[in-house]
Every structure is written in structure tokens, then in C-alpha cells.
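Step one of this worksheet: look at the structure below.
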Amino acid sequence: MRSAKLDALLSRYYTIIIFLIPALTIFTLFVVLPIGEAAYYSFFRWNGYGAPEKFVGFKNYEFLFKNRVFILSLKNNFYIIAISLFVQLPFALLIALMISDKLRGAAFFRTIFFLPFILAEIVTALIWAYIYDGNYGLVAAIWGFFGAEAPFVLGDKDWALVAILIVIFWKFFGIHMMIYIAGLQAISKEVLEAAKVDGAGPITTAFRIKIPMLIPTIKLSVFLSLLGSLQLFDIIMPLTGGGPSNVTHSMVSYLYYFGVMRMKVGFGSAVGVVIFLICLFIAIGYQRTLMRDDNENKF
Amino acid sequence: MKLLLKIFFSLTFLTFYSSANADTIKWLHLFGEDSSQYPNMVRAAEEFEAKTGHTVVMQYLENESFKAKLPTMLQSNDRPDIFYSWSGGVMYDQAKAGFLRDISDVVPDSYLDTVSAAAADAFTFEGQRVGLPLQVSQVAWWYNKDLINQAGVDVSNIKEWDDLISAVKQIQAAGITPICMGGKDKWPVHFLWTHLHIRNGGKDLFLESLNNGGWDRPEYLKSGEQMLELVALEPFQKGFLAHTWPDQAGFFGDGKCAMALMGNWMYGSQKSNSASGEGLGDDNMGMFNMPMTSGGLGDAGDTLGGINGWLFSSSAPDSAVEFMMHYVSLDIQKEDAANGAYIPIVKGADVSLTNPFLQQVAQNISNSEYHQIFYDQFLGADIGRVVNDVSTDLAAGIITPEEATQAVQEAWEFNQ
């Protein structure tokens, strides 16, 4: 005879299993299987037509890590992450601290700063391609005003990446600002009032109360920013298409240009697998270290 | 009542029967509504629909999107029956993988007799006919007469590469941008490097390299050195690496530079992409062939260009081939030739060419003993794109001729 406790436990698991099946099926079909397939294809020289037949072992990976453009695109991703974490996020936090209070005009600025994020990434990139145009763009107009000949930043291999980083900064700082504002507004009014009574000025309040209480939000925003930077693709395509001379590729645009466009599906799969492993490594590492305290609180 | 039922069933059967025999032919192309061949494409489709009861569905994709999307489309159930092709390596890959239909049985000899044999042969693979040709094209130097005269250059003196270099210097000295270039799209730049290959190496070395490798041989290194000699003069418009092919055509049409190395489609594109929509007039435009290089193994009459046409996907019905034979026919090609849309491949259609530039190109190609299809198409998607990349890197001055040829050789080895 089974005990009532066992029955309860079993019925609990049944419920979990029943609820898990649909999600697990979809996850397996659309996430696990494609990753497994990509890993399999990455060992073949295959142009995507018919079935892969030419097994080449680790040659695709070997070629990848010796490829100058891939190493460069890895570096570019690193720059994008660095700019996102060390420039974009602090700036978003600063603005959030300035306009999170319910002051006159705050809502207006919030909307203005958030607007770029609403634009589709392709649209953003196209708009900026016009802005950067050395003949007719805003840059040309500004330079022209001072009587100088405008540079073509997107065609200049020293400046093209900087130009892309500016667009990324402009486009995404708004969403991080919104996340911080939401976090700041969740801080209890009593705490802030108590600080005020104790004589804390706005800077002390920001550094001693608001930012420390915002740490979980900041961790989340850092995480989103990290993964977003690794996935960057659609801003690069219309702006430079990875050029000039392939100096502005991200790992994903590299995958597209060198895998998909060249019909090297086996090689492209190898790039995909490497990107996946990097993302996985960062995600797990992040969860295990920085997010650990939050996870422990939850479970 | 019985009679009514009989009529009902007969009608249903008839409708079913006729619709079961009417094919929907999906035709994927890259000609926008403002292109000069578009009206006759529509006309051919309408005529064919009226004659046969089949339906022709035209699908348009822009050039770059077309190339990017096609491999996926061919493997889906939504694949087109007929699609555009530059023949060469990309077509061979598609044929090897079984994505093309062998249409030998559907195309009668009587039809093949009407088209240029060389053009029709470009659309065969291992004895199978997989497509039909539409047009041929040639890459040449286009120039703006006003600007060239202003600089005091006489193009009839440009016989050798060194003459071209001198002309560029002269144009530059007159304060004019010598060459328009669409560096962002890369393929416009590869014309420069690969046309030098054709002059320096000729047909035999090309075939030797294609079959046995050797893309890093001295003749090809020389092309890189010559290109760097030109690049050192900074002959392209400012920011050329950020400009696309339509920008290049527009700048030329707007008279912002003196020359451009481009296929004969430049004629129409410089008009449609110019700010005014008018471009340069016929009397203000000229063309000359890529000059010879000293000691080059090629012939001055060898041409670089395309043989473009239509391929049939593995599931294409016979009617798709019949439709294409209706479209690529004397009547329509004559009219397109008269409109200056392209250089036709149906025999006898070229007499309708009234455009002096297209007439000249048609003449060049028919005189040429070696018409090399664009490298980036002929060598397949992979090696072709490497050629485009390194050509652009040479134009940007960031790689050496050795690195450029080595990269192509490595790509060739990687594909063996």
C-alpha cells in the first residue's frame, strides 16, 4: 500500500510532467535539434544542396580559428560588449537617476530617450547610413558648415566601427534607462524620505541608497546587454555590410557573409557552434557568479 | 433532375480537369518595373497565359537579396520553377545537388537552332541542358566625353595599361575624379582585378588554374601590382568603400567622375540612378575596352562579361520550359534589342540593336575568341566571393598582391 505522502509526490510530478511536455517538445524541436544538426554539419564540407557527404573532421574549425576576419569579428564583439557595459550602461543609469523622479518634463525626456529603441534595427541603421553620408548626410552638413570636406566614416576602415558603436549606443541606451527607471521607482519612498530626513543630498542618496538597491536590476541589464552584443547583426548589415575590407563584422554577420552567402553551410555551422558555445559559456558563467545571490534568494 | 445532376457533374469534372491541367509557373527574376526589359516580360507572360491557360506568377527580388535567398528557396516547397542565372560555378553547384531539371527532352533542336550555340552551351552541365540563355554582356570602360575632353585625354590612345594610368593622372590634374567605384558591393571592384587577370594570363592560364590550381602564379601577382599602381593614385571618388553599385551608376550619370569599369547595363543604370533620371546623353558617353598589359599572355580582344539566362528547378513543369521558349524568341528579343534592354542571343535579333554602345558590345563579343564569364559567378559562390573580397582589399590598399592571390588559391584548395 502506498503512503499518502508518496501519492501526493507522484501526483505533483505528474502535473509537472504534463505541463512540461508541450514546452519541452517545442524546445527540443526548435532549439536542441537545430543545435545538434549544426554541430553535425560543422564536420562536413557542404554547400547546403542535397545531403552532406564530404566529412572533413575539424577542418572547418581549424580554418575558422586561423581566419583573420573571424578573429577580427571576435575582437569587434569584444569592443561592442566593452562599450555597452562601460559607457552605455553607466550613461543610461545617470540619465535614469536624473529623470526617474516625477518631475515636470521627465516623461517627455523618457519618451525621447526611449524612442530610438522602438525603431526597428534595420530602420535605425538606414537612417544612420544617411546621417553618415559624406555627400548629403548630416555629417556632411556639419562639416560643410565649417567649410571642411566631410569624411565618409562608413567607408573608412579606421572609423567605420566607431560609427557603428555610436549607433548601438544611441539605439540601446534607452531600454536600459527604462529598466533602471522601473527599478528606481520600485525603491520604497520611506527609505528615500528617511535618508532625506537624515540629511543625505541627492549624490549621497544616489550612491548610498539608490544604486545599491538597484544592483539586481543592474545585473539583469548587464546580462541583457552582454547577450544583445553577442547577437548583433541587423545594425551592421545596412550600415557597412561588414566592410570596408571586412573590418566591421560581428560574429553573426561573419556567419552570414562567410557561411550563408558563400554557400558554405558546413563552415557556417561551425561558426554557429562557436557562437553558441561562447553565449552558453557567458550565460552559465554569469548565472553562476553574478546572479548567484539572486537565484539563491528565489529558490 | 437526372439531367441536372449530369450537367452538374460534367461541369464539375470539366472545371476540375481543366484546372488540373493548368500549371502555375513561378518565375523569379530581378528586373524592377522600371527596367527596360520588364514590359516584354509581362507581355510574354500574358500572351502565354492567353494561349495555354497556364498562369505565370512573376516574383521579383533585388540582385543581392536574390543571391542570398535562392539557396534556401530552392530547397523549400516554395521554390520557383524558373529563375535567373549567371551560369558558371553557382549553376554547376545547383545542378550537382540535383536542384535543376534536365530539360533536354522538352527543348527541340529546332528551337536550339534559333539561339547562339555558345550561349546555349553555357547552360549545360555534364551533357544535360538545365537552362536557356537570355543575353550576353561585356565589361568595358565607360567615359564621360565632356570630362575626358576637359582633361585633354584622347581615349583612342589608351592601348596599354600604362596609358590608362597616364590618363587617370591627366584627369586628376584637371581636378576631376577619374573613376567611379561601388566598393561596398565589392563585385564592381573585382572587374578591375580580374580583367587584368584576363589580360595578363589569358584563356589557357585561366583553365589551367581552374583545373589544377595556381591562382598565385606570377601573371596574377602582376594584376595585383598593376591594380595597386592605380590605387596609389587615389583615382576613386571619396568614400568609395561606402558606396554601392547604384551609387556608382548614379555618380557616373551625374557627371561626378570621368570613367567607370562596368558591364553594358551601365547604359541604362546610369540614367535610372542619376539625380535627374536622365543621366548622360548618348553623345556625351563613350566606351573603350580594357587596355592590354605589356607582356600579357591574353589577347586584346578577349572579353569579360556574362552569359545570363534562366534555369529550371527540379520540379518545374514542361510548361515552364515552353513559356521560356516563348519569351526567349526572335520577336521579343528584337523588340528588347531595339529598346536597348540587352544584347540578345536569338540569331538575327541583334540587327535590331539601335543603341551604338550595345552594337559595339555585340560586335566585341562576336569578335572575341575568349569570353570569360564574371569570375565571381564562374568560380562559384565561395571562391567568387573571395575574389570580390580581395579585389576590394586591394582597392582599399590594405593587402599585398601576394596576399590577394594566396587567398584565392587557398579558397580553391579548400573546395577541392
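Yes or no, residue by residue, for (1) on the phi > 0 side of the Ramachandran plot; (2) among the small types (G, A, S); (3) at pLDDT 95 or above:
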| position | (1), (2), (3) |
| --- | --- |
| B:W161 | no, no, yes |
| B:L207 | no, no, no |
| B:L233 | no, no, yes |
| B:G239 | yes, yes, no |
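Just a yes or no: is a residue in the stretch B:192-207 within 14 Å of chain A (Cβ to nearest Cβ), among the acidic types (D, E) and surrounded by fewer than 22 Cβ atoms within 10 Å (Cβ to Cβ)? No, the stretch B:192-207 contains no residue that is within 14 Å of chain A (Cβ to nearest Cβ), among the acidic types (D, E) and surrounded by fewer than 22 Cβ atoms within 10 Å (Cβ to Cβ). Among the residues here, B:L100 qualifies as out of contact with any Cys (no Cβ under 9 Å at 6 or more places or on another chain), of a type in the set (A, V, I, L, M, F, W, C) and within 14 Å of chain A (Cβ to nearest Cβ). Of the residues making up the stretch B:242-254, just one is within 14 Å of another protein chain (Cβ to nearest Cβ) and in contact with a Leu (Cβ under 8 Å, 6 or more places away or on another chain), namely B:A242. In the stretch A:97-158, counting only helices (runs of 4 or more DSSP H) that sit wholly within it, the ones holding 3 or more residues that are farther than 30 Å from A:M213 by Cβ and either away from every other protein chain (no Cβ under 13 Å) or touching a helix residue (DSSP H, G or I) at 6+ places or on another chain (Cβ under 6 Å) (or both) span A:121-132, A:138-145. Between B:N355, B:N364, B:N339, the distinction of being farther than 30 Å from B:F236 by Cα, surrounded by fewer than 22 Cβ atoms within 10 Å (Cβ to Cβ) and among the polar types (S, T, N, Q) belongs to B:N339 only. The condition (being under 28 Å from B:I373 (Cα atoms) and not basic (K, R)) is satisfied by just one residue among B:D162, B:D154, B:D146: B:D162. In the set B:L100, B:L134, B:L112, only one residue is over 14 Å from the mean Cα position of the chain (by Cα) and buried (at least 20 other Cβ atoms within 10 Å of the Cβ); that residue is B:L100.
Looking across the stretch B:255-266 at every residue that is surrounded by 24 or more Cβ atoms within 10 Å (Cβ to Cβ) and modelled with pLDDT under 95, the one that is nearest to the other protein chains (Cβ to nearest Cβ) is identified as B:M266. Taking the stretch B:349-369 as the range and being touching a Ser or Thr at 6+ places or on another chain (Cβ under 8 Å) and either modelled with pLDDT under 90 or over 21 Å from B:A117 (Cβ atoms) (or both) as the test, the residues that pass are B:I365, B:S368. On the basis of being within 14 Å of chain B (Cβ to nearest Cβ), hydroxyl-bearing (S, T, Y) and in a helix (DSSP H, G or I), does A:Y180 make the cut? No, not satisfied. The number of residues in the stretch B:359-415 being part of a helix (DSSP H, G or I) and within 25 Å of A:Y49 (Cα to Cα) comes to 22.
The values are calculated or read from the model by the stated rules, or taken from the named source; none is laboratory data. The structure displayed is predicted, hence computed values, not measured ones. Positions of Cβ are backbone-derived with ideal geometry, glycine not excepted, and every protein chain shown enters the neighbour counts.
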